[in-house]
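First the structure, in the form of structure tokens, and then the observations on it.
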Amino acid sequence: MIWNEEFETLPREALEALQLKRMKAVVERVYTVVPYYRKKMEEAGINPSEIKSLKDISKLPFTTKEDLRVNYPFGLFAVPFEEVVRIHASSGTTGKPTVVGYTRRDIDTWAELMARTLTAGGAHKGDVVHNAYGYGLFTGGLGAHYGAEKIGAAVIPISGGNTKRQIMIMQDFGSTVLLCTPSYALNIADVMKDMNIEPSSLKLRVGLFGAEPWSENMREEIERKLNIKAIDIYGLSEVMGPGVASECIEGKKGLHVFEDCFIPEIINPDTGEVLPHGSAGELVFTTIMKEAFPVIRYRTRDISRLMPEPCVCGRTFYRMQRITGRSDDMLIIRGVNVFPSQIEHVLMGIKGVEPHYQIIVGREGALDMMEVQVEISEDIFSDEVKVLEKLNKRIEREIKDLLGVSCKVKLVEPKTIQRSEGKAKRVIDNRKL
Ligand code: DLL
């Protein structure tokens, strides 16, 4: 099923004409109203009037998380603040979050995109949508919520956590569609098994999973353990939230990018050069429908590939391959984006610890676990156990406060963490996706 036949099956030529019109308008607008964009374009020696074809997009400078940080919190908003009706945020590279805003029309566009996403995954009016994406500053919960209402489904805004209760609600309310991160879906499956509940006794039919990397193996495992079809959905706060690209249940191979709202490019992450379709590289998006927080050539750091081949479902939007990695060091731990630099930021603020640390990530069952090994200084090393225990707890608490995700801290003796001979290896990720 297709939610919006008119746009989702636009012939390529008409789609590209629409993209060009919208792209010109947004470039013109940010140049006029956002001083930072104007300055960057001037520095790059490009004027919006020189954007004449879709290819000309490559003349525009990239936008990065660093640009968002410099303009924290609202410096890149492109409408008067009273037009903003919603603010979300995701983690930034230091203590400050990345902030994004939406006008009323942006919220409508987002609901439309999530309606398309849910429909592509096979959801419809009459479904009971169990939305276990987190509600709050994270875009997952509320983003999916509005789309589910738009298609006329009954939404259960359950948010994350309390898994036994989630399962009871699924049984009692007859949930048919599950929305959560893929690792949480596996966790639900494990808890169900512990509770001796047969997945086939539930009404669950399909799950739309995203917000973290997963693999075809994980898809098979989720489908088998929960007795459902599992669909991959992708998005990021800076560009919109969920609803940037999604798989269709007919094809289940690559995610259709909603190209009437976003222009995708693939670049070489080292040189910034635009790569031809089919090559693997970093995904870059330009938003062409957003009002409050448009982004021009936003570097996602996600590695993928664009697939122009037609899809069995009839959508004309190009697909992107499932995300295969990142071009930076961002980790996703239990759905929360974590940068090693954030942990470093905490450590630097604590007396008695050295800036030598290592993050070890693994899985216990379906749950991500993070351990941070931290070197302590010589003078603290000889202190009493009690002092060290206190220090340990303090670091754990401060990391939890900043990241919103708990970890285990292990203090290690001075000079035991291997020194780098080039790029420091801060992270050891033992998770098998
Ligand atoms: O995770 C938005 C979202 C919510 C997408 C719910 C899908 C479902 P952020 O918190 O800003 O936004 O994190 C964005 O998460 O750059 C990717 O690295 C990663 N990511 C999101 N979806 C996928 C996916 C939301 N399907 C970052 N596969 C992105 C792999 C994903 N990684």
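Every number in this text was worked out from the coordinates using simple rules, so none of it is lab data. Since the structure is predicted, the reported quantities are computational estimates derived from the model, not experimental observations. Cβ: placed from backbone, ideal geometry, glycine included. Neighbour counts: every protein chain shown.
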Q. Among the lysines, which have Cα under 21 Å from the Cα of Lys393 when same-chain residues fewer than 8 positions away are ignored?
A. Lys351, Lys408, Lys410
(Q) Can you tell me what share of the DSSP beta bridges in segment 102-326 is antiparallel? A percent to the nearest 5 is fine. (A) 60
(Q) List the GluC sites (Glu not before Pro) within segment 254-307 that DSSP assigns to loop and that have no more than 11 neighbouring Cβ atoms inside 10 Å. (A) Glu273
**Q.** Label point 7 Å beyond Cα of Glu309 along Cβ direction - residues of segment 270-284 with amide nitrogen under 12 Å
**A.** 278
Q | Span from the segment 302-359 Cα centroid across to the segment 1-15 one, whole angstrom | A | 30
Q) Can you give the FRET efficiency for Asn47 and Ser406, using 1/(1 + (r/R0)^6), R0 = 56 Å, r = Cβ-Cβ distance, to the nearest 0.05? A) 0.65
Q: Calculate the spin-label point distance for Arg363 paired with Glu413, positioning each point 7 Å from the Cα along the beta-carbon direction, and give it in nanometres.
A: 3.5
Q.
Over segment 190-318, how many pairs of lysines fall under 18 Å by alpha carbon, counting only those 8 or more apart in sequence or from different chains?
A. 6
(Q) Checking the a/c ratio against 1.5 first, then a/b against b/c, what shape does the Cα gyration tensor give for the chain? (A) oblate
(Q) If you filter segment 171-256 for trypsin sites (Lys or Arg not before Pro), then keep DSSP loop positions with at most 11 other Cβ within 10 Å, what is left? (A) none
Q. When the helix-only estimate is applied to the chain (DSSP H runs of n ≥ 4, each -39,500 (n - 2.57), divided by the residue count), what is the mean residue ellipticity at 222 nm, nearest 500 deg cm²/dmol?
A. -9500 deg cm²/dmol
Q: For segment 102-326, build the charge dipole from Cβ charges (+1 Lys, Arg; -1 Asp, Glu) around the Cα centre, then report which of Pro310, Ala153, Ile107 sits farthest towards its positive end.
A: Ala153
Q) Each label point is 7 Å from the Cα along the Cα-to-Cβ direction; what then is the distance between the points at Glu83 and Glu66, in nm? A) 3.0
Q: Calculate the length of the line joining the C-alpha centroid of segment 380-432 to that of segment 137-196, in whole Å.
A: 34
Q: Averaging sequence separations of C-alpha pairs under 8 Å and six or more residues apart, then dividing by the length of the chain, give the relative contact order as a whole percent.
A: 14
**Q.** Point-to-point label distance, Val33-Lys59, nm (Cα→Cβ direction, 7 Å offset)
**A.** 2.4
**Q.** Dipole moment magnitude, nearest 20 debye, the chain about Cα centre, only Lys, Arg, Asp, Glu C-beta charged
**A.** 280
Q. For segment 331-429, with the dipole built from +1 on Lys and Arg beta-carbon atoms and -1 on Asp and Glu ones, taken about the Cα centre, which of Ser420, His356, Ile332 lies farthest toward the positive end?
A. Ile332
Q: Assign unit charges at the C-beta atoms only (+1 for Lys and Arg, -1 for Asp and Glu), then state the dipole size of segment 329-398 relative to its Cα centre in Debye, rounded to the nearest 20.
A: 340
Q) Among rounded, prolate and oblate, which fits segment 46-113 when a ≥ b ≥ c are the square roots of the eigenvalues of its C-alpha gyration tensor, a/c under 1.5 means rounded, and a/b larger than b/c means prolate? A) oblate
Q.
On a straight-distance basis, which aspartates and glutamates could pair with Lys425 in a cross-link, Cα separation under 12 angstrom, same-chain partners fewer than 8 positions away excluded?
A. Asp329
Q: Assign unit charges at the C-beta atoms only (+1 for Lys and Arg, -1 for Asp and Glu), then state the dipole size of segment 209-367 relative to its Cα centre in Debye, rounded to the nearest 20.
A: 340
Q) Which of Met195, Gly121, Ser58 sits closest to the plus end of the dipole of the chain, meaning its Cα is farthest towards the positive end, when Lys and Arg get +1 and Asp and Glu get -1 on the C-beta? A) Met195
Q: List the residues whose amide H sits under 5 Å from the amide H of Asp368, counting only those 5 or more places along or on another chain, with H placed 1.01 Å from N in the peptide plane.
A: Arg334
Q. So if R0 is 41 Å, what FRET efficiency would Lys253 and Glu421 give, r being the distance between their Cβ atoms, rounded to the nearest 0.05?
A. 0.50
**Q.** DSSP-loop GluC sites (Glu not before Pro) across segment 328-396, with at most 11 other Cβ within 10 angstrom
**A.** Glu384
Q: Please identify which residues in segment 357-374 have an amide N closer than 15 Å to a label point set 7 Å out from the Cα of Glu396, following the Cα→Cβ vector.
A: 369-374
**Q.** Mean projected area in nm² (Cα convex hull; one quarter of hull surface) for segment 1-81
**A.** 7.3
Q) Looking at the square roots a ≥ b ≥ c of the eigenvalues of the Cα gyration tensor of segment 1-157, which shape do they give, rounded for a/c under 1.5, prolate if a/b is larger than b/c, or oblate? A) oblate
